[in-house]
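Peer 1: One structure, pasted below without further comment.
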Amino acid sequence: MLSYDGESLDSSENSNILEEFREGESFFFRSEEFAFLTSGTLVKVPDTNLTCQSFEQTVMRTFEQAKHLMSNKTASIEPPLVVGAIPFDRTKPVNLRIPKSVKRFDPQTRLSVDAVEATHSLSSVKEVVSNWTTTHMRSVPNGDAYKQSVSQALDLFAKTELDKVVLARTLEIGCDQELPVSKLIARLAQSNPNGFIFAADSSLNQLSPRTLFGASPELLISKKGAKVFSNPLAGSAARSTSVTEDCNRAEALLRSTKDLHEHALVIESIVDTLSPYCKKLHLPGKPSLLKTPTMWHLSTLIQGELKDSETSSLSLAKALHPTPAVCGNPTVMARETISRLEHIERGFFTGTVGWSDINGDGEWSVTIRCAEKQAQLLKLYAGAGIVEGSLPDLELAETAAKFGTMLNALGISYSDAINYSDMGMSTSTKTKVA
Ligand SMILES: C=C(O[C@@H]1C=C(C(=O)O)C=C[C@H]1O)C(=O)O
């Protein structure tokens, strides 16, 4: 492992690097290619948002400031990185910073939070943080209200030009103590070996520190030199523990006209946005399947070669965000529909989280399968794309299945979740607790 200061750390099979994670100060990111933990803030990107004309210049100025501050250091200094999260709403401020130090490690490293866990499989936070219990769980909006919003969206498809809208809900989980984010990240990293694992400060002010963390399967954009990649996902089915049923669901998804349409809208929009930047753009003729431990998705890997290799990954993220995978189509109408029908504040959920270096090389994943921690409260987020042919019950169940990524990490079973909250499973399996 290497840090900015040229500090060299042992590269071993297991790493306790997450012990150094400090909420409010650290940023963690792991993709298939890169993994690092940062600490401190050298320079914060001043308040700006994706609608600002000067967004890129503001980031560049921050890099220049950081270079100046780092110029006193020794020759082994690595180039600075800008890291952080961008919210769903393009008019809201981004939360980006250039950290004081960056420790890189091999993405294959098995992460743990102490030496004992390093040698044992970390099965769930319920086992690692002994004796913690949930004080409450509640879906906001509740299942019926969510289904009603889906029905209202379906009416709009018939009456307006709206083709697709993504509607989300949250699952609030109260804990009887503060859970360490480091352990949750370790668990997510172990059980989602192919996902983008992230943890970022999402505080809006110093008084209420918040941390956003998750395991996203979706890549908004990555850029290395002239090469760009985007891996949009749209069209989903929950995994099954029965192998036969699991295969059936995957095959049904690949053939589903509704899901293929939902997927095609996303691909078309991303290709339209990337085309002017690229001299070559390649994509397969049809979507393939991508699986996470909890979900199947329709997936398309888009690869391009930039006309100008200096185009920054952040400029591309700015151009693409929000894609119809998390917003809808047409974008403006979908955004208005979300603000009218969704009844939650998305914040950084369905934004983008990642990093970029001074040359613009970087990775920005879509901020999904995540939760935000504020003291003893965890807020889990999940959304589903609604198109003509969507059924309110199934969309509610899809959001429930998407909560599974985080529930698994927490060691909360579906049945526990159903007992305590309106999770949106079929009413026959629901046991309400007074
Ligand atoms: C909004 C979410 O996921 C998005 C919606 C999907 C869908 O509707 O099929 C699939 C992947 C994501 O682009 C989420 O996971 O919360």
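Values quoted throughout were computed directly from the atomic coordinates according to the rules given, and no laboratory measurement underlies them. Owing to the predicted nature of the structure, the values given are computational and were not obtained by experimental measurement. Ideal geometry is used to build each Cβ from the backbone, glycine not excepted, and the neighbour counts take in all protein chains shown.
Peer 1: Under 5 Å between amide hydrogens, which residues at least 5 positions from Ile386 or on another chain qualify, with H placed 1.01 Å from N in the peptide plane?
Peer 2: Val165, Val166, Leu167
Peer 1: What is region 222-348's relative contact order, in percent, from Cα pairs under 8 angstrom and six or more apart in sequence?
Peer 2: On the way: 170 pairs, mean separation 40.9, N = 127.
Here the relative contact order equals 32 percent.
Peer 1: A follow-up question, please. If each residue's Cβ is checked for other Cβ atoms within 10 Å, how do Cys327, Cys175 rank with the fewest at the top? Show your work: numbers first, answer last.
Peer 2: On the way: Cys327 25, Cys175 19.
Ordered by Cβ neighbours within 10 Å, fewest first: Cys175, Cys327.
Peer 1: Checking a compactness column here: for region 226-269, what do you get for Rg(Cα) / (2.2 N^0.38 Å), N being the number of residues?
Peer 2: Numbers: Rg = 13.3 Å, N = 44, 2.2 N^0.38 = 9.3 Å.
Normalised Rg, Cα atoms only: 1.43.
Peer 1: When the chain is treated as a GNM, springs tying every alpha-carbon pair under 10 Å, which of Leu207, Leu220, Leu188 comes out with the largest mean-square fluctuation?
Peer 2: The residue with the greatest mean-square fluctuation here is Leu207.
Peer 1: From the phi angles alone, apply the Karplus equation (6.51, -1.76, 1.60; θ = phi - 60°) to region 320-334 and give each ³J(HN,Hα) in whole Hz, x where the residue is Gly or Pro.
Peer 2: With the stated coefficients, region 320-334 comes to 7, 7, x, 7, x, 5, 10, 10, x, 8, x, 4, 5, 5, 5 Hz.
Peer 1: Also: Output the relative contact order of the chain, whole-number percent, from Cα pairs under 8 angstrom with separation of 6+ residues. Can you show the working numbers first?
Peer 2: Working: 976 pairs, mean separation 95.5, N = 434.
Relative contact order here is 22 percent.
Peer 1: While we're looking at this one, here's another question. Specify whether the C-alpha gyration tensor of the chain places it in the rounded, prolate or oblate class, a ≥ b ≥ c being the square roots of the eigenvalues: rounded for a/c under 1.5, otherwise prolate if a/b is larger than b/c and oblate if not. Please report the intermediate quantities before stating the final value.
Peer 2: Working: a/c = 1.62, a/b = 1.18, b/c = 1.37.
Oblate, because a/c is 1.5 or more while a/b does not exceed b/c.
Peer 1: Using Cα-Cα distances under 8 Å and only pairs 6 or more residues apart, what relative contact order does region 346-399 have, in percent?
Peer 2: Values: 50 pairs, mean separation 12.4, N = 54.
Result for region 346-399 is 23 percent.
Peer 1: Sort Arg239, Arg210, Arg187 so the one with the fewest other Cβ atoms within 10 Å of its own Cβ comes first. Kindly include the intermediate steps, with their values, before the conclusion.
Peer 2: Details: Arg239 17, Arg210 20, Arg187 28.
In increasing order of surrounding Cβ atoms, one gets Arg239, Arg210, Arg187.
Peer 1: Rank Ser208, Ser288, Ser269 by mean-square fluctuation in a GNM of the chain with C-alpha springs under 10 angstrom and give only the top-ranked residue.
Peer 2: Looking only at Ser208, Ser288, Ser269, the largest GNM fluctuation is found for Ser208.
Peer 1: Same structure again: If packing is taken as the average number of other Cβ atoms within 10 Å across a peptide's residues, how do 341-353, 246-258, 372-384 rank, most packed first? Provide the component values of the computation, followed by the final result.
Peer 2: Working: 341-353: 22.5, 246-258: 14.2, 372-384: 20.8.
Peptide ranking by packing, descending: 341-353, 372-384, 246-258.
Peer 1: Test of understanding: ordering Met60, Met406 by Cβ neighbours within 10 Å, fewest first, what list do you get?
Peer 2: Details: Met60 16, Met406 25.
Final ranking by Cβ density, sparse to dense: Met60, Met406.
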